[in-house]
Structure formats: structure tokens, C-alpha cells
Amino acid sequence: MKEKFNVDAPKPVIYGLLRKMEYFGFITSKWDVEGGGPARRVYKITEEGLEYLNSSLKSLRDAKKVIDLILAEDEKGGWLMDAIEAVDLQKKFGNVTAVNSVSFKVKEGEIFGFLGPNGAGKTTTIRMLTGLLKPDRGYAMIMGYNVIDEPIKAKMLVGVVPEEANPYPDLSSWDNLVLVGRLYGLSGRDIKDRASKMLKLLGLYDIMDRKAKNLSKGQRQKLLVAMALINNPKVLFLDEPTGGLDVLSARMIRELILELREMV
Ligand SMILES: Nc1ncnc2c1ncn2[C@@H]1O[C@H](COP(=O)(O)OP(=O)(O)O)[C@@H](O)[C@H]1O
Ligand SMILES: [Mg+2]
């Protein structure tokens, strides 16, 4: 028997691809008091609530136009959130223009890389995206938060493996992870859970007590990745993560990046 759809208690059903519902439209003629006639309205679901995408659509043809726009947006993955948005970023050091008007968007779940020779401005761009450096012009958004205006909110969603970085050499892998976890203000329980999980994922679990200075370069790089992941970030920045690694370790890091995408 076919169940009747109950508006007050909708049940999720999968028809083909499961998608996040972001838009919906309905005919308001029965409730509409202000508009005085039948009107078809389309709303967008946002964090704040419902946003009027299109007010009164007087005809079916109008409604169809809006639906077509929405479907086109859907095709482009427009219903996914922009994890990173860089808008016209610029940075000069004295008379050296390190970054000149860089704009791009990265969707949730997207692995995005930018290439360029030494000195092209990659590291400077990452430092602006992660709030370490204030752009001279332009701005950066992380999951909808402006990195300069809401630095804490943005930074709590970010993990970074910087180009030049080292774990504390005299601390073990475990203690390095605990230290970073404390800096993020995580609870002891969360730190332990997360640190164990990351060490297992990266194949460092059995050597968690080894001091960082006694790790190989590849192991040290993996530890840096684990440290960057301790707060379960939504966005992970890796600045030349395979630089100086042997072919196998480099491949391992690339495979790990693919695996991590499936985990968020
Ligand atoms: N703190 C700084 N002071 C002065 N110049 C800098 C500074 N950081 C970077 N630069 C210059 O900006 C340019 C871009 O550097 P960088 O972003 O590190 O490039 P990449 O990471 O692509 O190799 C280079 O010419 C570099 O010398
Ligand atoms: Mg660099």
C-alpha cells in the first residue's frame, strides 16, 4: 500500500542520488494574504532560515524560469558550500608583488591544488587564506566566514601543514598531538580519541612514543598531517606536502589526501 505523504512528519526516501535539499517552492494562493491572488514562491534554505529567492511569481512561466535557474546551479554543484573563497587577494612585500589579484573558489569535498614555480606566491596565498597574513587587497572566506573579520570561527575549521614546519623534536608523536589538541582547546578525552585515530590512519600508532627528532622525513611529514587534523578540520591546507619525500612516501601522502576526503 502506498503511504500518504505527511507534511508534518516527512520521512527521508532515497530516489536515485541523495541530495541536500536547498530550494523549494510552493503555491501560496491558499495562505497568501498580502499578495491578494495566487502566487508561486521559491525559497532557499539557509542557516538563518528561509530566504525569499523570488517573491511573487505571478505565472507558471515565471516559476519555471526560476526552477530552470536553480537546476542550472544544481548542475554546477551550486548547492554545495564554498569551502574556500579567495577574492582578489593581493600582497606586496616592499616593491615585490608576491600575490597579484588571485581569485578562486573551492567546493566542499573538492581537492584543489595550485601550481607555480618557486616564488610564484603559493605560500603567501595560503598564509592569507589561513589568517596568518593580512592581504593588502581582497579577502578570503572559509566555510562562509571571513578570515579577517571572524578569525576564530574560520581558524577552528582549518588545519594547516605549513611549508616550513617541524614537530617539537624532543616530544614524542603522541605528545606533539596532545600539545596541538590543547592549543585548540579540545577536551582530554577528545584529544585521546582523535590522536589515536590519526596515528592509526597514518601508520604511526606503533611508534607513537618515538621522539619526533628520531622519525624519518616521511614519518615526520605524516605526523605534521596528523597534527593538522587533530581538530577535525573542514578544510585542510597542505603547502608542498610531498616536497623532499621519496616516491613511495609522496604517493602515500597523495593517497591519504584522497582517503581523508571520504572521511568528512
Ligand atoms: N615575508 C616576506 N618578506 C619579503 N618577501 C617575501 C616574504 N614572503 C614571501 N616573499 C616574496 O614573495 C614572493 C612569493 O613567495 P612565496 O609565496 O613563498 O612563493 P612560493 O610559495 O610560490 O614559492 C617571493 O618573491 C618571495 O621572495
Ligand atoms: Mg612556498
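The values are calculated or read from the model by the stated rules, or taken from the named source; none is laboratory data. Being a predicted model, the structure only gives us computed values, none of them experimental. Cβ sites come from the backbone with ideal geometry, for glycine too, and all protein chains shown count toward neighbours.
If the condition is being near ligand 2 (Cβ under 9 Å from one of its atoms) and either surrounded by fewer than 16 Cβ atoms within 10 Å (Cβ to Cβ) or without any contact (Cβ under 8 Å) to a residue 24 or more places away in the chain (or both), then region 117-148 contributes N118, G119, A120. Among the residues of region 89-111, which ones are within 16 Å of ligand 2 (Cβ to nearest atom) and either crowded, with 16+ Cβ neighbours inside 10 Å or under 20 Å from K155 (Cβ atoms) (or both)? L89, K91, A98, V99, V102, listed by residue number. Flag: D209 does not match the condition of being surrounded by 13 or more Cβ atoms within 10 Å (Cβ to Cβ), farther than 22 Å from K122 by Cα and among the acidic types (D, E). Considered as a group, the residues in region 132-147 that are outside any strand (DSSP E or B) and at pLDDT 95 or above include one that is nearest to ligand 1 (Cβ to nearest atom), and that residue is L133. In region 154-233, counting only helices (runs of 4 or more DSSP H) that sit wholly within it, the ones holding 1 or more residues that are among the β-branched types (V, I, T) and at pLDDT 95 or above span 173-183, 188-201. Say whether the condition of being surrounded by 15 or more Cβ atoms within 10 Å (Cβ to Cβ) and either among the acidic types (D, E) or farther than 17 Å from V160 by Cα (or both) is met by at least one residue in region 225-235. Looking through region 225-235, none of the residues is surrounded by 15 or more Cβ atoms within 10 Å (Cβ to Cβ) and either among the acidic types (D, E) or farther than 17 Å from V160 by Cα (or both).
Looking at the structure I just gave you, is R194 without any contact (Cβ under 8 Å) to a residue 40 or more places away in the chain, more than 16 Å from ligand 2 (Cβ to nearest atom) and assigned by TED's automatic domain parsing to the domain that holds R251? Write out each step before concluding.
Details: without any contact (Cβ under 8 Å) to a residue 40 or more places away in the chain: yes; more than 16 Å from ligand 2 (Cβ to nearest atom): yes; assigned by TED's automatic domain parsing to the domain that holds R251: yes.
Yes, satisfied.
When the residues of region 83-117 are narrowed to those that are within 16 Å of ligand 1 (Cβ to nearest atom) and outside any strand (DSSP E or B), which ends up nearest to R261 (Cα to Cα)?
If we filter region 83-117 for residues that are within 16 Å of ligand 1 (Cβ to nearest atom), which is where we start, we get 86, 89-102, 104, 112-117.
Remaining after also requiring outside any strand (DSSP E or B): 94-95, 112-117.
Values: G94: 39, N95: 39, F112: 11, G113: 14, F114: 18, L115: 20, G116: 24, P117: 27 Å.
Per the criteria, the residue is F112.
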